[in-house]
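What follows is one structure encoded as structure tokens, with my remarks underneath.
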Amino acid sequence: MAIFLDSSKIEEIKKYVNMGIVRGLTTNPTILLKEGVTGGMAGVKARIVEIAKLVDPYPVSAEVTTNDPAAMLAQAKDIAGWAKNINVKITIHGPNGELDNLSIVHELETKHNIRVNVTAMMSAQQCFLAAMAGATYVSILSGRVNNMGYDSINEIKKLRLLIDQHKLKAQIIAASTREALNITQWLEAGAHIVTVIPSFIDTMIVHPYSKETVKMFLEDAAKAK
Ligand code: E4P
């Protein structure tokens, strides 16, 4: 799977989809707000449906916006129906550690055939339980893990071992990129996917010595005319 985009900007998404390097996309309410999406759920739906078309057949994550369990279940079912490649993002627990969410994840995955991306996780143990509950994707916000002074690479390694040992279907998404280096680091550590801030893709592609080499080729080609 490798690279997902962490974005909801249409032109930006088109640019990287056209390069053929995008295998999926993640959003969250903060990304949507930062990129000017307003109008409540109707506004979110319009943008997500547009993105899902661009990224098709690859998966797109859209997050629920409520912490009320009944409303969350209803919203998740609604979101999953917006397009065939949409999966629903649900946080590991509520803002005060409320424990309703894993039951909802389990119900969506096992009774409604809806794929869930469990998010806002900071440790291998949280992700392991989300994987046990049946989540298709488990997102470890690795940049935030590093920000707290813990080593995200260790958490990803431990998590991959657990997922493989117990033959769980969950794919690890290492999220919350802070440096271009995170992408290869986290994939090497065992993440199935890294969801990437688009500007880091440019950083991965462009190298000063490549620029110099390309310049030399073009100048020599011009001299030979
Ligand atoms: C993606 O799924 C996450 O929501 C996102 O990468 C979080 O990024 P942040 O930690 O920079 O907010």
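Remarks
- Here the Kirkwood formula, the inverse mean of 1/r across different C-alpha pairs, assigns the chain a hydrodynamic radius of 18.4 Å.
- Once the Cα-Cα distance is subtracted from the 0.36 nm per residue extended length, the L99 to D151 segment shows a gain of 16.1 nm.
- Debye log10 I(q)/I(0) for the range 3-94, one point scatterer per Cα, at q = 0.14, 0.21, 0.23 Å⁻¹: -0.46, -1.01, -1.19
- Reference-scaled alpha-carbon Rg (2.2 N^0.38 Å with N residues) for the range 38-138: 1.03
- Sequence-distant contacts, meaning Cα pairs under 8 Å at least 6 residues apart, place the relative contact order of the chain at 16 percent.
- Using a probe of 1.4 Å, the accessible surface attributed to T203 totals some 80 Å² when neighbouring protein chains are kept in position.
- With contributions of -39500 (n - 2.57) from each DSSP H run of at least four residues, the per-residue ellipticity at 222 nm computed over the chain stands at -15500 deg cm²/dmol.
- Reducing the range 99-136 and the range 154-221 to their Cα centroids gives an inter-centroid distance of 25 Å.
- When H112, H207 are compared by accessible surface with a 1.4 Å probe, the order from highest to lowest is H207, H112.
- For the range 117-189, the direction-averaged projected area of the alpha-carbon convex hull comes to 4.1 nm².
- Kirkwood Rh in Å, taken over the range 27-73 so that all alpha-carbon pairs contribute: 11.5
- Of all stretches in the chain that contain no GluC sites (Glu not before Pro) in a DSSP loop with at most 13 other Cβ atoms within 10 Å, the longest one is 1-97.
- Per-selection Kirkwood Rh - the range 169-219 (Cα, Å, 1 d.p.): 12.6
- Under 5 Å, built H, 5+ apart or other chain: amide partners of D100: G94
- The amide H of S61, built 1.01 Å from its N in the peptide plane, has L25, T26, T27, N87 as neighbours under 5 Å, considering only residues 5 or more places off or on other chains.
- Percent of Cα-Cα distances greater than 18 Å, calculated over the range 59-105: 23
- Relative contact order [Cα under 8 Å, 6+ residues apart], the range 80-210, whole percent: 18
- Relative contact order computed over the range 19-135 (Cα-Cα under 8 Å; 6+ residues apart), in percent: 20
- Candidates per chymotrypsin sites (Phe, Trp or Tyr not before Pro) in the range 132-196, loop by DSSP, up to 16 other Cβ within 10 Å: Y150
The values are calculated or read from the model by the stated rules, or taken from the named source; none is laboratory data. In this text, all values refer to a predicted model and were calculated from it rather than measured experimentally. With ideal geometry, Cβ positions are generated from the backbone for all residues, glycine too; neighbour counts draw on all protein chains shown. Just so you know, the surface numbers come from the protein's heavy atoms only, side chains and all, with ligands and any DNA or RNA stripped out. Shrake-Rupley method; radii C 1.70, N 1.55, O 1.52, S 1.80 Å.
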